[in-house]
Ligand SMILES: Nc1nc2c(ncn2[C@@H]2O[C@H](COP(=O)(O)OP(=O)(O)OP(=O)(O)O)[C@@H](O)[C@H]2O)c(=O)[nH]1
Ligand SMILES: [Mg+2]
């Protein structure tokens, strides 16, 4: 029987997980000599590469001595916490990375809490010790205190600790030790992570934790085998979360080796493999012995906390840029997403609209971004938190928020967050002279906050948050103050009008861009919406947009991205998303209707 170790690498966003996996791959000699490998090799999809973040957890395998180590790299961003939750059940140990300067952050708490809950003993890696501001002793204390706060048992409190600079390729047991290689970390994995339980001689039990597809064999389930064996060509019973069962033959069995996948004939308890041949295989399904099936517990991950209405684009420019624009196409795509993404939900709402729920704006934003890249066109409304009722009390999700600000911005940060119903729990002066403020805040209070915070702190503030728990509803929180500049006509924007409108606020559009009546073309400098005309053209004499002409200087417009729009919009606005454009519009394009609505709202107050 092969000696196997299964580990997941977990941490707050950017603490160096994927970089560490790079080094483990390289230093284990898993790559062939001539193999060219990119930095952060595990971040393989386009959006991951573009943004330098991990979105989907991915697995790889290395050999070290006579051991095989299966490693799952997980995302650190709070919105993808569901990925981490489901992966933790598949491993027997975790490497918990903590940035030697930033220390314990909101998502460190979230992932460690889950790991402790599964009974895992973390191998703590204090990473980035090469950084100037690093303070490994302080960070080590923070990790210990966190484990105590999470009710870790005695065994877990005796967690091993290493100090590392993943980027520079070394890890060591003591700060005084020489900076050499990753061998101490490999040894820690071999010594400290328990071997898989289960037996190859028992009846087969395996569980799917990720889906993949292959052009030749179709759907592939990446599975952890807990008991027994899986053999190519043999028949197994697939048991779904709802208890339904179906028999199929394994048409292809795939093992992992570094970034490669290799066809194998057999795998046994403890290993992680990919199987093909089950047409409707899903995340969470159990693959069982066909005569004596004992299904594993279906996977539970925390429920979504944020939802947004996605609907068919019905604006005047609809259908001009997208390939898939109908309600049917959108529904099909969303249903496909929900099969693999167990942290998200989708519900048709009628009227060609769907409620899509997830962990946060980024998770929903990434789905929307993927869809527009695939040629979809649709609209999104303002994100809303998912409330629920418990014993007759309305509950809403709360987040743990950490902001790091230079001292002079401490006052404004506390004041603004106070208005958003945040409750300060901790204030810590950091070694680099900044102040770390910690809060508990209703998730609602965070919608649209990032922008305001960055402006208030002149771009120097850093904020991080992560899901805490549901608590009693806290009443209204403030939202965006500035109104919108709304176009009152259809056509192409004219430089001269934009030039004149600049005094009224910040523009979102450039000359020649298509606009329509009811489209939001800028942020007003004052509260309350303003209908404006971006088409009023003086003849284009003596005017250029290239900036070479002194006659008209246009300020660069603020770029509207999918995520900045989700942060910015109000309840009566929508984002129009196509493969080529992201526009903001009023829900009601008719100015008369809007006026009436505004008046009714005012009267209601
Ligand atoms: N100074 C320093 N920087 C590091 C070290 N390890 C990683 N980094 C940098 O930290 C940044 C984030 O690294 P990643 O490996 O993408 O971090 P991650 O934890 O995988 O991030 P997510 O998957 O998005 O949560 C990159 O710019 C790395 O080059 C280190 O040891 N020292
Ligand atoms: Mg990563």
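The values are calculated or read from the model by the stated rules, or taken from the named source; none is laboratory data. Owing to the predicted nature of the structure, the values given are computational and were not obtained by experimental measurement. A quick note on method: Cβ atoms are made from the backbone with ideal geometry, for glycine too, and the neighbour counts reach across all protein chains shown.
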Review point. Across the range 29-62, what is the total count of residues that are within 27 Å of the chain's Cα centre (by Cα), assigned to a loop (DSSP other than H, G, I, E, B) and surrounded by fewer than 23 Cβ atoms within 10 Å (Cβ to Cβ)?
Key: 11
Revision key, fill the gap. In the range 344-393, residues that are out of contact with any helix residue (DSSP H, G or I) (no Cβ under 9 Å at 6 or more places or on another chain), surrounded by fewer than 20 Cβ atoms within 10 Å (Cβ to Cβ) and assigned to a strand (DSSP E or B) total 8
Exercise for review: Return yes or no: is residue 146 surrounded by 16 or more Cβ atoms within 10 Å (Cβ to Cβ) and either over 28 Å from the mean Cα position of the chain (by Cα) or part of a helix (DSSP H, G or I) (or both)?
Suggested key: yes
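Regarding the range 200-212, can at least one residue be identified that is at positive phi, more than 16 Å from ligand 2 (Cβ to nearest atom) and either buried (at least 21 other Cβ atoms within 10 Å of the Cβ) or not in a helix (DSSP H, G or I) (or both)?
no
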Check your understanding: Of the residues that make up the range 63-78, is at least one part of a helix (DSSP H, G or I), within 13 Å of ligand 1 (Cβ to nearest atom) and in contact with a strand residue (DSSP E or B) (Cβ under 8 Å, 6 or more places away or on another chain)?
Key -> yes
Study note, to complete from the structure: How many residues of the range 123-143 are without any contact (Cβ under 8 Å) to a residue 40 or more places away in the chain and either within 13 Å of ligand 1 (Cβ to nearest atom) or within 23 Å of residue 7 (Cα to Cα) (or both)? The answer is 8
Review point. When only residues in the range 564-597 that are in a helix (DSSP H, G or I) and in contact with a helix residue (DSSP H, G or I) (Cβ under 6 Å, 6 or more places away or on another chain) count, which is surrounded by the most Cβ atoms within 10 Å (Cβ to Cβ)?
Key: 566
Practice item. For the range 25-39, indicate whether the set of residues that are within 15 Å of ligand 2 (Cβ to nearest atom) and at pLDDT below 90 is non-empty. Key: yes
Practice item. Considering (1) more than 16 Å from ligand 2 (Cβ to nearest atom); (2) in contact (Cβ under 8 Å) with a residue 60 or more places away in the chain; (3) assigned to a strand (DSSP E or B); (4) surrounded by 21 or more Cβ atoms within 10 Å (Cβ to Cβ), say which one residue 162 fails and leave the rest. Key: (2)
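Please list, ordered by residue number, the strands (runs of 3 or more DSSP E) wholly in the range 401-493 having 2 or more residues that are in contact (Cβ under 8 Å) with a residue 40 or more places away in the chain.
Details: elements: 423-429, 434-442, 462-472, 482-487.
Strands (runs of 3 or more DSSP E) meeting the threshold: 434-442, 462-472, 482-487.
Somewhere in the range 167-174, is a residue surrounded by 15 or more Cβ atoms within 10 Å (Cβ to Cβ) and in contact (Cβ under 8 Å) with a residue 60 or more places away in the chain? It would help to see each step written out before you state the result.
Within the range 167-174, the subset surrounded by 15 or more Cβ atoms within 10 Å (Cβ to Cβ) is 167, 169-172.
From what is left, the residues that are in contact (Cβ under 8 Å) with a residue 60 or more places away in the chain are 167, 169.
Yes.
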Practice item. Would you mind stating whether residue 81 is over 22 Å from residue 274 (Cα atoms), in contact with a helix residue (DSSP H, G or I) (Cβ under 7 Å, 6 or more places away or on another chain), near ligand 1 (Cβ under 8 Å from one of its atoms) and in contact (Cβ under 8 Å) with a residue 40 or more places away in the chain? Key: no
